[in-house]
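I have placed the structure first, in the form of structure tokens, so that the comments after it can refer back to it.
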Amino acid sequence: MELGQYLIDAGKITHRDVERALVARAEMGGLFGQTLVRLGLVSELDLSQALSQIHNLPLLEAAAYPEEPISVPGLSLDFMLSNLVVPIQLDKARAHFAAVVPQDVFLRKALALALDRPVELSLGLESDVLAALQKHSSESAEDEAEEGAGYDVYSDDQEFIEHLKDLASEAPIIRLVNQIIHRAVDLGASDIHIEPFDDGLHLRYRIDGVIQEAKDPPQASHAPAIASRIKLLANLNIAEQRLPQDGRIMLRVKGHELDLRVSTIPTVHGESIVMRVLDRQSIRFSLTDMGFDDETLTRYRELLDRPHGVLLLTGPTGSGKTTTLYASLSSMDAESLKIITVEDPVEYQLRGINQIQVKPQIDLDFAMALRSILRQDPDIIMIGEMRDGETAQIGVQSALTGHLVLSTLHTNTAAAAITRLEDMGIERYLITSSVNGVLAQRLVRKLCPECKQPVHPGEDVMEGHGLGRFLDPQNAQIYESVGCEACKHTGYAGRTGIHELFVLDKRMHEAILDGADATTLHASARRNGMFTLFEDGLRKVAAGVTSLEEVLRVTLDQQEEDAQTVPAAELDLTASEY
């Protein structure tokens with residue numbers, strides 16, 4: 001076989017691969033080259049390059065396809081889909097098409113008869129041809145809507161969808177997507193990023209909060225099939241490639257119950273897909289596992305034990321706020337208390353707690369759900385996020401009427417939550433009457449216990465970063481990351497939290513009512529004994545939990561703000577009034 005021998009000579013396959021492909025072709029049918037691709041023995045690009053050389057046909061690049069679909073009178077979309085051919089250029093003298101099988105004599109004759117002019121066929125990658133046909137399919141659907149033809153789907157469009165389903169159902173693509181997800185479990189990744197760029201398909205994993213590039217990303221030609229496979233698993237519209245979509249995949253991998261939150265967005269090079277990996281078995285909802293300092297944890301538990309008021313958690317996306325909220329709820333007695341949550345989305349289901357999923361498409365937002373919750377006689381209310389003034393107003397009113405309200409805000413510091421509430425329309429006297437405290441949180445990577453090495457910091461490090469306050473002057477020792485097989489040469493394994501607890505006591509109430517801004521409130525709290533995020537990070541550096549470089553990476557903005565508010569020498573670290 002000419003194609004098989006060519007690929008063997010090129011070192012792409014072996015004689016054994018040819019025998020396997022011939023057996024599979026006899027069972028499945030189709031062309032020999034397509035069988036090789038379906039079995040994963042060669043890539044689509046390798047096959048196309050081989051066919052281009054054998055048949056002396058030009059191989060079209062993706063940039064050669066027209067931006068807008070070319071209308072060809074007398075040629076149906078059904079025919080183009082069945083034969084995987086798409087018009088590239090059309091004029092009175094000739095017609096130029098890209099085809100997956102341009103050597104098909106029947107195809108060339110059929111096109112010449114239909115168009116009554118000479119036809120030129122070039123070789124095209126199946127993924128590129130399908131992408132171009134999708135534009136024709138979308139245009140057909142738009143024409144149908146404009147003509148008022150009703151809501152029935154064109155059979156051509158349906159055939160295109162079926163073709164995408166066939167691509168996604170091929171064994172190599174199924175194995176490839178499974179491998180991507182399995183690797184995320186092995187690496188302990190929190191997110192999977194599949195991103196098409198002009199130089200190919202990029203695969204990246206977020207591990208312990210840091211994105212890392214995969215060494216062997218899938219081929220760019222597999223991007224449409226991978227996207228279709230993930231969309232099928234997430235119950236998304238596989239034919240819609242122009243709008244963002246969100247879905248969810250529930251599956252079991254290597255004994256782990258995984259909940260994958262899928263998000264797709266269209267980019268200039270194709271669809272970018274991100275999957276948030278939620279491992280239901282590895283998550284532990286215990287406040288003692290969140291990295292709290294003993295004193296901070298004691299004060300935080302006191303705030304949780306209060307019968308009413310607002311307790312806020314602040315921090316950027318991915319800082320562990322929701323996990324801390326879940327751990328806080330899990331520490332409460334759900335049997336003797338009525339606990340209701342409003343979330344978007346509900347990430348984990350908690351025993352004995354009523355959890356409500358926000359559904360904006362039916363106008364079930366945070367504010368609407370909260371108004372209904374108050375008629376359910378709750379003791380504790382958890383609001384996933386205070387996104388607008390109406391939600392904040394209802395939350396504050398709920399606290400004033402005898403409920404304990406837990407929620408999150410996006411602010412950099414704990415004190416900034418006060419001014420954020422004021423920006424949302426909450427009067428300062430209502431803030432002092434309802435808010436009990438604010439916990440700011442970040443996540444830092446923990447040093448690998450197998451390879452971390454002790455170092456003795458110099459005087460410039462001790463004084464410049466204020467690390468000397470937390471170290472024994474006689475034995476000033478911290479640890480730095482090294483890297484080994486156990487931590488995959490990153491130097492870190494797992495993450496822990498650093499915290500900043502801002503308690504609204506009498507002194508803070510007076511400052512808030514006097515109109516103090518966030519910087520002034522932050523400085524006052526530090527003078528009263530509050531440890532900032534940066535300072536709590538330094539405590540963990542001194543304890544050998546993490547490295548100074550990691551704390552500086554996560555809290556760079558915080559240490560600059562701390563230096564501008566109160567010098568370390570002015571702090572009263574033994575204050576008992578706070």
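So between D514 and H489, what do we pick up on full extension, going 0.36 nm a residue minus the alpha carbon distance?
Numbers: separation 25, 0.36 × 25 = 9.00 nm, distance 5.23 nm.
In short, 3.8 nm is gained.
Could you list, in their original order, any pairs among K446/K488; K321/K540; K215/K540; K215/K488 whose Cα atoms are separated by more than 21 Å? If you can, show how the numbers build up before the last one.
Values: K446/K488 14 Å; K321/K540 19 Å; K215/K540 33 Å; K215/K488 13 Å.
In this structure, K215/K540 lie more than 21 Å apart at Cα.
For the range 11-138, the solvent-accessible area with a 1.4 angstrom probe is 49 square angstrom per residue. Taken as entire DSSP H runs, the helices of the chain that both span 18 Å or more between Cα atoms along their own long axis and average 0.5 or more on the Kyte-Doolittle scale are 171-187. Each part gets one Cα centre, and for the range 88-119 versus the range 311-353 those centres are 62 Å apart.
How large is the dipole of the range 404-513 about the Cα centre if only Lys and Arg carry +1 and Asp and Glu carry -1, each at its Cβ, rounded to the nearest 20 debye?
Details: 11 positive and 13 negative charges, 74 e Å.
For this selection, approximately 360 debye.
For the range 329-427, averaging the sequence separation of C-alpha pairs within contact (under 8 Å, six or more residues apart) and dividing by the residue count gives a relative contact order of 24 percent. For the pair L287 and Q474, the difference between a 0.36 nm per residue extended length and the Cα-Cα distance amounts to 64.0 nm. Partner lysines whose Cα lies under 28 Å from the Cα of K92, excluding those fewer than 8 positions away in the same chain, are identified as K109, K135. Between the range 428-462 and the range 505-552, the C-alpha centres lie 9 angstrom from each other.
When the Cα positions of S71, A171, I380 are compared along the charge dipole of the chain, A171 comes out farthest toward the positive end, with charges on each C-beta of Lys, Arg, Asp and Glu. With contributions of -39500 (n - 2.57) from each DSSP H run of at least four residues, the per-residue ellipticity at 222 nm computed over the chain stands at -11500 deg cm²/dmol. Normalised by the number of residues in the chain, the mean separation of alpha-carbon contacts (under 8 Å, six or more apart) gives a relative contact order of 8 percent.
About its Cα centre, what dipole magnitude does the chain give when the only charges are +1 on Lys and Arg Cβ and -1 on Asp and Glu Cβ, stated in debye to the nearest 20? Could the numbers behind the result be given before it?
Values: 53 positive and 88 negative charges, 295 e Å.
For the chain, the charge dipole is close to 1420 debye.
The values are calculated or read from the model by the stated rules, or taken from the named source; none is laboratory data. Keep in mind that what you see is a predicted model, and the values were worked out from it rather than measured. Methodologically, a virtual Cβ is constructed for each residue, glycine included, from the backbone with ideal geometry; neighbour enumeration extends over all protein chains shown. All accessible areas refer to the heavy atoms of the entire protein, side chains included, with ligands and DNA or RNA removed. Shrake-Rupley method; radii C 1.70, N 1.55, O 1.52, S 1.80 Å.
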